[in-house]
Amino acid sequence: MSAVVVGYVPNPEGRAALAKGIEEARFRGVRLVVVNTTRGDALVDERYLQDSAVAALQAELDALDVEAELRQTSDGQDVAEDLDRIAGEVDAELVVIGLRRRTPVGKLILGSAASRILLTVHHPVMAVKA
């Protein structure tokens, strides 16, 4: 069965991506796969969910009216590679990510996770702002 994959981080951009991912999964009639990843520095990476935050997000997903799954990876891969791999595994129709506002100079500099995802993931990507 196909899926909508959401790249999730615990911030307003991640919440916006999750909300849009839920909406898209409902609309498409597919399951939702929420991905929270780190390059392996999980103990210091504020974007990687820990204990109670994992439980809270899982409870939120369990209460949805769509099939939903939370995946966490910490294998040292780049976030774009993780999302691309998981999107392939679940036959993703769409990958949803959140974008933060950037300065004009920041927009010129590639290297952010969002830029890598937009340029390298082999599935359609929807980027949303908080």
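Miscellaneous remarks
- Fully extending the segment from Glu93 to Met1, taken as 0.36 nm per residue of separation minus the present Cα-Cα distance, adds 32.1 nm.
- Gyration tensor over alpha-carbon atoms, segment 1-41, equivalent ellipsoid semi-axes in Å: 21, 13, 4
- Check: the chain dipole with +1 on Lys, Arg Cβ and -1 on Asp, Glu Cβ, in debye: 720
- Approximate shape of the chain as ellipsoid semi-axes (Cα gyration tensor, √5λ), whole Å, largest first: 21, 17, 15
- Spin-label model, Asp78 to Arg31: label points 7 Å out along the Cα-to-beta-carbon direction sit 2.8 nm apart.
- For Leu99, nonlocal amide neighbours, meaning residues 5 or more places apart or on other chains whose placed amide H falls under 5 Å from its own, are Val128, Lys129, Ala130.
- Estimated FRET transfer efficiency when R0 is 25 angstrom, pair Ser112-Asp51 (beta carbons, to 0.05): 0.35
- Sequence of Asp82, Asp65, Asp75 once ranked by neighbouring C-beta atoms within 10 Å, starting from the fewest: Asp65, Asp75, Asp82
Rule-based calculations on the coordinates, nothing more; no lab input. Being a predicted model, the structure only gives us computed values, none of them experimental. Reconstructed Cβ throughout: ideal geometry from the backbone, glycine too, with neighbour counts over all protein chains shown.
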